[in-house]
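Peer 1: Just dropping this structure here.
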Amino acid sequence: MKKQTEKKRERSAAGALGKLLLVMMKAAPVLFAANILLSVFHGVSFGVETMMQQRFFDKAVDAAGGETGILQAFLALAFLGITNVACQVLNGAANFLPGVVEGKAGAHLSRLIHEKIARLDPVVFEDTEKLDDINKAEQGKDSAFWYVYNVIAILTFYIPYFAFMGWYLFSLKPILASAIVIIFLPTALAQLLRVKVFAHLEDDSAPVRREYEYYETCMVGREYFKETRLLGGFFYFKKLYQETLVCLQKLRFKATMKANLFELSMRVLTVAGYCGILWMLYDALMKQEVTVGAFAAVFNSLGMLYSIMEEVICRHMAEMAQNTGSIRNYLNFLAMEERAGQQREAPGWGDIVLENVSFSYPAGNMEGNRSIGKSHSKEEKHSKEEKHSKEEKQFKEEKQFKEEKHSKEDGTAEPVKYAVKNVSLTLRKGETLAVVGENGSGKSTLIRLIAGLYLPGEGSVKKNGVDTRELAMGALTARTSAVFQKYQRYQMTLAENISISDAAADCGKARLDSVCEMAGTEAGAFPRGYETMLSREFDGIDLSGGQWQRVAIARGFFRSHDLIILDEPTAAIDPYEETRIYNRFAEIARDKSAVIVTHRLGSVKLADRIVVMKDGEAVQTGTHEELIAREGEYKRLYEAQEQWYSETASALLLPLK
């Protein structure tokens, strides 16, 4: 099935070119058309210059022999000069325009890839292979313009030039026209091999490249450097970075050597053919089959013919061959399956009903795990050093292992590992639901299903009677707000950090003051109030973890919503302050649906109902009083944490209704 999917996603070079041509034309249609016309005239002008050279040499010989006047020789020289000037002007224009078009086309290509990412199903970012595809697409995007430019140059400059020269040489002596084929064929074969070699290289190097980029971030990334320096992890990550970088270099070196050795052998044949052509030209002159002017012009142009042929094959076609794989990856990414559903107005807010919902992450990823392009099993860690020494073969074996690791030796498939399994519950309109459980119990996955970020593998999630599969992401999230434990720290002003959750809404001071009060932060504590830049990198200030968390909570409160989700947003805040925030939250959650995920069970008393997750299943449901009164998972967890909370802190909790 996987092979069939891969075959379906593969696109031919012609298909890739057609797609990219449309993109370029849309980005800069006038400049694009002008570049094509200039390129055609530019190519033909070199052929015309060769003819003008023959005419001048013949007239000069005739004038020296007294067969014609000196004026005709001067006129021929004038035409040759005009042709040469025209060639240089066209050459300058042809070299200038692509740089202008590149800026416009590059921006358009970037927009396409970002728009595509926005339309993908969020679960894609849990899939290692899909992350590799995104990485490959980024590489392909950077090469896309020059890929198209090279193809256009071949079609509009080189082919007209070679066609003109072929006709000219054939008119002098038919056998001379074979010069183009003799020069072209061997080197072209070398580039066909290069296409294949570098396409395989891109597939093999993408996961390795993602690894070393991740290790590089761990060493020097702003969010990592404090812990990395404090714990002395820099040299550990440096070692991993160097190992993966060496491995990538070995893959590239092996591919480059293979392609270049074959190309060298083809060049030897080309040089031999070039020498043969010179002999044929000399023989034709001795037999008076061509004039002295034709001999001089052709002899002079053979060097240019050879250099232009070498340029188109060894430079442009080589670049195309090297980038064809990454370009195809870019287009395959744009053709990747998107999140289904209709981008229509969201249904009126009502109950959210989960019926026998089950969900499993892509192979190798469980809840909370983010792969960086490799498996982290003990076997792979144990063989890490060996892996980096076996170059391309080992990576192919690893890829095969990833494809087969979910099958048993007897050929039967392993049981699916569910992050959420057979959960049925209803979040009623205006109800506050708390989701509790140990790490890995499925809490975060469950709320992503409730919010519509993830679609269930089995069962259904319905919002006011409409299945989430039928709605696009925009419709599902239109009236939903959330605060996650792993919140974002935007390098913008305080006001922008808060209002970004609802950019189209009114961002007046009164509204900002209201949400900041709910989140337990005050603009007056910042040097420039709401205009304070929250980034030292942009001449601003940095915040503590707790302060950033309050800003993130304010951001969630700022968004107009009917459903709000708090996924452990107070982890960096002490229990007393957490209690105050939840009391404020209780006020704004009136008549709205709310979901709270937390490890601190002392804070869930304000919820109307509590769902207890264990091993992906909802093992208990009820109020705090109901659950604490009977033996079960909730009582066990609560009693284990009871010592964390004082009676005073518990007394601060206000009833929601």
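Peer 1: How would you order 294-304, 134-144 from highest to lowest mean count of nearby Cβ atoms within 10 Å?
Peer 2: Numbers: 294-304: 18.9, 134-144: 20.9.
By packing density, highest mean first, the sequence is 134-144, 294-304.
Peer 1: So how much slack lies between residue 21 and residue 142, counting 0.36 nm per residue of separation and subtracting their Cα-Cα distance, in nm?
Peer 2: Going from the current span to full extension adds 42.0 nm.
Peer 1: Calculate what fraction, in whole %, of the accessible area of the range 509-601 sits on carbon and sulfur atoms when a 1.4 Å probe is rolled over the protein chains. Mind dumping the intermediate values first?
Peer 2: Numbers: 1740 of 3750 Å².
About 46 percent, which is the carbon plus sulfur part of the accessible surface.
Peer 1: What length, rounded to one decimal in nm, is gained on full extension from residue 74 through to residue 257, with 0.36 nm per residue of separation minus their alpha-carbon distance?
Peer 2: So the extension gain works out to 60.6 nm.
Peer 1: Okay, moving on. Under a 5 Å amide H to amide H cut-off, with H placed in plane at 1.01 Å, what residues pair with residue 566 once short-range neighbours are removed?
Peer 2: 483, 595, 596, 597
Peer 1: Name the trypsin sites (Lys or Arg not before Pro) in the range 425-528 that are in a loop by DSSP and that have at most 12 other C-beta atoms within 10 Å, would you?
Peer 2: Working: sites: 428, 429, 443, 448, 462, 463, 469, 479, 486, 489, 509, 511, 528; in loops: 428, 429, 479, 486, 489, 528.
Sparse-neighbourhood loop trypsin sites (Lys or Arg not before Pro): 486, 528.
Peer 1: In sequence order, what are the phi-derived ³J(HN,Hα) couplings for the range 121-138 according to the Karplus relation 6.51 cos²θ - 1.76 cosθ + 1.60 with θ = phi - 60°, rounded to whole Hz, with x for glycine and proline?
Peer 2: Going residue by residue, I get 5, x, 5, 4, 7, 9, 9, 4, 5, 5, 5, 4, 4, 5, 4, 5, 5, 4 Hz, with x marking Gly and Pro.
Peer 1: How far apart, in nm, are the 7 Å Cα→Cβ label points at residue 636 and residue 64?
Peer 2: Result: 10.5 nm between the two label points.
Peer 1: Right, something else. Once the Cβ-Cβ distance between residue 193 and residue 275 is put in as r, and R0 is 25 Å, what FRET efficiency do you end up with, to the nearest 0.05?
Peer 2: It comes out at approximately 0.55.
Peer 1: Quick one: length gained pulling residue 264 to residue 587 fully straight, 0.36 nm per residue minus the C-alpha distance?
Peer 2: Working: separation 323, 0.36 × 323 = 116.28 nm, distance 7.63 nm.
Additional length available on full extension: 108.6 nm.
Peer 1: For the range 126-208, treating each Cα as an identical point scatterer without solvent, what Debye log10 I(q)/I(0) comes out at q = 0.22, 0.25 1/Å?
Peer 2: For the range 126-208 at q = 0.22, 0.25 Å⁻¹, log10 I(q)/I(0) is -1.09, -1.19.
Peer 1: Follow-up. Sort the range 24-150 into rounded, prolate or oblate with this rule: let a ≥ b ≥ c be the square roots of the eigenvalues of the Cα gyration tensor; rounded if a/c is under 1.5, and if a/c is not under 1.5, prolate when a/b is larger than b/c, oblate otherwise.
Peer 2: Prolate shape, in that a/c is at least 1.5 and a/b is the bigger ratio.
Peer 1: Can you pull the one-decimal nm distance between simple spin-label points at residue 288 and residue 537, each 7 Å off the Cα toward Cβ?
Peer 2: The answer from the label model is 8.0 nm.
Peer 1: Counting only heavy atoms of the protein chains, get the accessible area per residue of the range 427-513 (1.4 Å probe) and round it to a whole Å² value.
Peer 2: 41
Peer 1: Could you tell me what a quarter of the Cα convex hull surface of the range 501-640 works out to, in nm² with one decimal place?
Peer 2: 10.4
Peer 1: Whenever you get a sec, compute what percent of the accessible area on the range 250-320 sits on carbon and sulfur atoms (1.4 Å probe). Mind dumping the intermediate values first?
Peer 2: On the way: 2560 of 3810 Å².
Here it works out to 67 percent.
Peer 1: How many times 2.2 N^0.38 Å is the alpha carbon radius of gyration of the range 175-279?
Peer 2: 1.75
The values are calculated or read from the model by the stated rules, or taken from the named source; none is laboratory data. Here the structure is a predicted model, which means the values were calculated and not measured. Reconstructed Cβ throughout: ideal geometry from the backbone, glycine too, with neighbour counts over all protein chains shown. These area figures cover heavy atoms from the full protein model, side chains too; ligands, DNA and RNA do not enter into them. Shrake-Rupley method; radii C 1.70, N 1.55, O 1.52, S 1.80 Å.
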